[in-house]
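The values are calculated or read from the model by the stated rules, or taken from the named source; none is laboratory data. All figures in this text were calculated on a predicted structure; none of them were measured in a lab. When we count neighbours, we look across all protein chains shown, and the Cβ atoms used for this are built from the backbone with ideal geometry, even at glycine. For the accessible areas, the whole protein counts, side chains as well, though only heavy atoms, and no ligand, DNA or RNA atoms are used. Shrake-Rupley method; radii C 1.70, N 1.55, O 1.52, S 1.80 Å.
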Amino acid sequence: MVKNPFISVISQKKNEENRGSVEFQVFSFTTKIRRLTSHLELHKKDSSSQRGLRKILGKRQRLLAYLSKRNRGRYKELIGELNIREIKTC
């Protein structure tokens, strides 16, 4: 797994700020998802980890939906910083 230098900056900045914020929660779920994904590449039949990954993905999806309804600007900024979504080109 390759570490993103931008993510470490976010973690240091957010570590001092509010850990309960939606951005920090999405960031922490994203790091867990990336760690579990790399684990599952090696251990394909680990069903417990697959279930945990699906649960974390659902939690992150709900938080992102909440953030997109409340503040669209912060949502777009967070997605851009974490490289979560594909950018649609029409």
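A compact table of results
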| item | result |
| --- | --- |
| Pair list, Cβ < 7 Å and 6+ apart or interchain, from the stretch 26-45 residues that are at negative phi to residues that are open to solvent by 50 Å² or more (accessible area, probe 1.4 Å) | Phe29/Lys59; Ile33/Leu57; Arg34/Met1; Arg35/Met1; Ser38/Met1; Leu40/Gln50 |
| Residue in the stretch 14-33 that is nearest to the chain's Cα centre (by Cα), counting only those that are basic (Lys, Arg) and surrounded by 13 or more Cβ atoms within 10 Å (Cβ to Cβ) | Lys32 |
| Residues satisfying the stated conditions in the stretch 45-68, i.e. out of contact with any helix residue (DSSP H, G or I) (no Cβ under 7 Å at 6 or more places or on another chain) and open to solvent by less than 50 Å² (accessible area, probe 1.4 Å) | Gly58, Ala65 |
| Filter result for the condition that a residue is modelled with pLDDT of 95 or more, of a type in the set (A, V, I, L, M, F, W, C) and exposed (fewer than 15 other Cβ atoms within 10 Å of the Cβ), over Leu42, Leu36 | Leu42 |
| Selection within the stretch 69-79 - surrounded by 12 or more Cβ atoms within 10 Å (Cβ to Cβ) and either part of a helix (DSSP H, G or I) or touching a residue at least 60 places away in the same chain (Cβ under 8 Å) (or both) | Arg74, Tyr75, Lys76, Glu77, Leu78, Ile79 |
